[in-house]
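Notes follow once the structure below has been shown.
The values are calculated or read from the model by the stated rules, or taken from the named source; none is laboratory data. Owing to the predicted nature of the structure, the values given are computational and were not obtained by experimental measurement. Counting neighbours? That spans all protein chains shown, and the Cβs are built from the backbone with ideal geometry, glycine included.
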Amino acid sequence: MGSLEDQIQQLKQSRHAVILAHNYQVGEVQDVADFVGDSLELTLKAKSTDAEVIVFCGVKFMAETAALLCPDKTVLMPDAGAGCPMANMVNAQQVRDFHAKYPGAAVVTYVNSNADVKAESDICCTSANAVKIVNSLPEDEIIFLPDQHLGAWVQKQTTKTIHIWKGFCPTHQLFVPERILELKAQNPGSVFLAHPECSPAILALADAVASTSGMSAYARDHAGPFIIGTEVGMLYRLQKENPDKLFIPASESAVCPNMKKTTLEKVLWSLQDMKTVVTVPAEIRERAHQSIERMLAVR
Ligand code: 13P
Ligand code: SF4
């Protein structure tokens, strides 16, 4: 029997499968993937692939998005228990109740949300396109959910009135301004890159605010050293793409436990057993799908 990687490659071919991995996945899963990217890129890859099976190495909302866009494909999650706590901070009834307070507002939902919440939404966005999506809408009043920090960051860049749901990412809450200042002082000339899920106090210290793949593009074009204000898995990709540059985690503790549930073994078992298949209930599928397609039409 060959290595785990070899077995995965062989099975991938016989199953006509593609492996998509988020930037926060462990290094060996990133290495075995056909494509590594941020939420928007993975959504686009899922939509455009001609593979019959998508092995989605990420968290549930990402695999659900792929399932919504690819009804004819089998979407597998190597660990179906990989959820996103932020996505679970709002449910469909709460969206309806919030909307009832601001009936004229358009509902813009970060893709880090469950499919039933997407079904209540006018349009989705990711961290890469949130400002563009909000500004593309005819409404001057916006409901933004579930991430309060991404919502506040968008508010700074638009004249529209945004009503923000108070969700957050527990991993991106872990950054502390004092530590960033300390790292900046220790690394003269360093550039601090922060994800918009970080708190306003952290974003105020950032040299650039970007999605995970936005960070990768930024690092390619600049010398660094870089202090990275997002989940630590991102450093693996950055270091691999830029072996001669220095990347420093803004916090060693910024680990998303759910992103780390997927292992190489689970990727192999997933292809062997064709498990776990991700589906979206029929009664919400069409509406949730529409909110993603509307986003892709603007991008
Ligand atoms: P990106 O779309 O920037 O990769 O972010 C996804 C995510 O879950 C951030 O916590
Ligand atoms: Fe969710 Fe935060 Fe993990 Fe991203 S890093 S998947 S927002 S818990």
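Kindly evaluate PHE56 against the criterion of being part of a strand (DSSP E or B), within 16 Å of ligand 1 (Cβ to nearest atom) and of a type outside the set (Lys, Arg). The answer is yes for PHE56. Here GLY167 meets the list (1) in contact with a Leu (Cβ under 8 Å, 6 or more places away or on another chain); (2) more than 23 Å from VAL90 (Cα to Cα); (3) touching a residue at least 60 places away in the same chain (Cβ under 8 Å) almost entirely, failing just condition (2).
Here is the figure for region 151-164: residues that are within 15 Å of VAL90 (Cα to Cα) and either touching an Asp or Glu at 6+ places or on another chain (Cβ under 8 Å) or among the β-branched types (Val, Ile, Thr) (or both) total 2.
What number of residues within region 119-147 are away from ligand 1 (no atom under 14 Å from the Cβ), in a strand (DSSP E or B) and crowded, with 16+ Cβ neighbours inside 10 Å? Number satisfying all stated conditions: 5.
Test GLN30 against the stated conditions and say whether it is within 12 Å of ligand 1 (Cβ to nearest atom) and either polar (S, T, N, Q) or over 16 Å from GLN239 (Cβ atoms) (or both). Considered against the rule, which asks whether it is within 12 Å of ligand 1 (Cβ to nearest atom) and either polar (S, T, N, Q) or over 16 Å from GLN239 (Cβ atoms) (or both), GLN30 comes out as no.
Considering ALA66, ALA80, the condition of being surrounded by fewer than 19 Cβ atoms within 10 Å (Cβ to Cβ) and either more than 11 Å from ligand 1 (Cβ to nearest atom) or over 13 Å from the mean Cα position of the chain (by Cα) (or both) is satisfied by ALA80 alone. Filtered by the rule that a residue be within 11 Å of ligand 1 (Cβ to nearest atom), polar (S, T, N, Q) and touching a strand residue (DSSP E or B) at 6+ places or on another chain (Cβ under 6 Å), region 178-233 gives a lone residue, SER213. Would you be able to say whether some residue in region 148-155 is within 12 Å of ligand 1 (Cβ to nearest atom) and in contact (Cβ under 8 Å) with a residue 60 or more places away in the chain? No, the conditions are met nowhere in region 148-155.
Residue-by-condition table, conditions (1) touching a Phe, Trp or Tyr at 6+ places or on another chain (Cβ under 8 Å); (2) at pLDDT below 95; (3) part of a helix (DSSP H, G or I):
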{"position": "ALA206", "(1), (2), (3)": "yes, no, no"}
{"position": "GLY224", "(1), (2), (3)": "yes, yes, no"}
{"position": "ARG237", "(1), (2), (3)": "no, no, yes"}
{"position": "ALA254", "(1), (2), (3)": "yes, no, no"}
{"position": "GLU265", "(1), (2), (3)": "no, no, yes"}
{"position": "TRP269", "(1), (2), (3)": "no, no, yes"}
{"position": "ILE284", "(1), (2), (3)": "no, no, yes"}
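Could you list all residues from region 249-262 that are in contact (Cβ under 8 Å) with a residue 40 or more places away in the chain and either among the charged types (D, E, K, R) or crowded, with 17+ Cβ neighbours inside 10 Å (or both)? ALA250, SER251, ALA254, CYS256, ASN258, MET259, LYS260, LYS261, THR262, listed by residue number. When both residues are 6+ apart or on different chains and their Cβ atoms are under 6 Å apart, which pairs have a first residue that lies in region 12-28 and is more than 17 Å from LEU271 (Cβ to Cβ), and a second that is more than 12 Å from ligand 1 (Cβ to nearest atom) and not charged (D, E, K, R)? If the second residue must be more than 12 Å from ligand 1 (Cβ to nearest atom) and not charged (D, E, K, R), the pairs left are GLY27/TYR236. None of LYS101, LYS132, LYS156 is basic (Lys, Arg) and in contact with a helix residue (DSSP H, G or I) (Cβ under 7 Å, 6 or more places away or on another chain) except LYS132.
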